[in-house]
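The values are calculated or read from the model by the stated rules, or taken from the named source; none is laboratory data. Nothing here was measured: the structure is a model prediction, and the numbers come from that model. Every residue, glycine as well, gets a Cβ built from its backbone with ideal geometry; the counts of neighbours run over all protein chains shown. These area figures cover heavy atoms from the full protein model, side chains too; ligands, DNA and RNA do not enter into them. Shrake-Rupley method; radii C 1.70, N 1.55, O 1.52, S 1.80 Å.
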Amino acid sequence: QVELAESGGGLVQFGGSLRLSCASSRSMLSINVPGWYRQAPGKERELVARFTRSGSTSYVDSVKGRFTISRDSSKNTVSLQMNSLKPEDTAVYYCHVVYGDRDYWGQGTQVTVSS
């Protein structure tokens, strides 16, 4: 079992920045491919950023150069730094991990970008 607690969402103006954080009840060393997804109203949930099994990072094209995913093993957290935010980034963002070949999701945190 893995519990994920997300924080950092909110309302920001165009061009602003936010940092999302996800705290895990399990060590990052035992969790596979931690990442962030987002879902806008009426749309499918999409993968935004994640760590690969080799330790590298992967991003959806629309956020490359603006978002950065990171993890801190000592604090059991994975974060998403979001810069130069656009209205199209508005969505509920979810932390996601794989543990024991099973998916675990956070409750989601709302990110709203105004123009």
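In table form, for the structure just shown:
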item	result
Residue in segment 37-59 that is within 15 Å of the chain's Cα centre (by Cα), of a type in the set (Gly, Ala, Ser) and surrounded by fewer than 16 Cβ atoms within 10 Å (Cβ to Cβ) present	yes
Set Leu4, Leu29, Leu11: member being open to solvent by 60 Å² or more (accessible area, probe 1.4 Å) and closer than 17 Å to Ser74 by Cα	Leu29
Filter pass, Asp89 being modelled with pLDDT of 95 or more and either buried (at least 17 other Cβ atoms within 10 Å of the Cβ) or in contact with a helix residue (DSSP H, G or I) (Cβ under 7 Å, 6 or more places away or on another chain) (or both)	yes
Close pairs (7 angstrom Cβ cut-off, 6 or more residues apart or separate chains): in contact (Cβ under 8 Å) with a residue 24 or more places away in the chain and within 12 Å of Arg26 (Cα to Cα) in segment 71-84, open to solvent by 50 Å² or more (accessible area, probe 1.4 Å) and not basic (Lys, Arg) anywhere	Ser73/Leu29
Any hit, segment 105-113, residues being modelled with pLDDT under 95 and more than 16 Å from Glu6 (Cα to Cα)	no
Enumeration of residues in segment 90-106 that are in a strand (DSSP E or B), more than 17 Å from Thr52 (Cβ to Cβ) and in contact (Cβ under 8 Å) with a residue 24 or more places away in the chain	Ala91, Val92, Tyr93, Tyr94, Tyr104, Trp105
Per-region count, segment 80-89, residues under 20 Å from Gly106 (Cβ atoms) and in a helix (DSSP H, G or I)	1
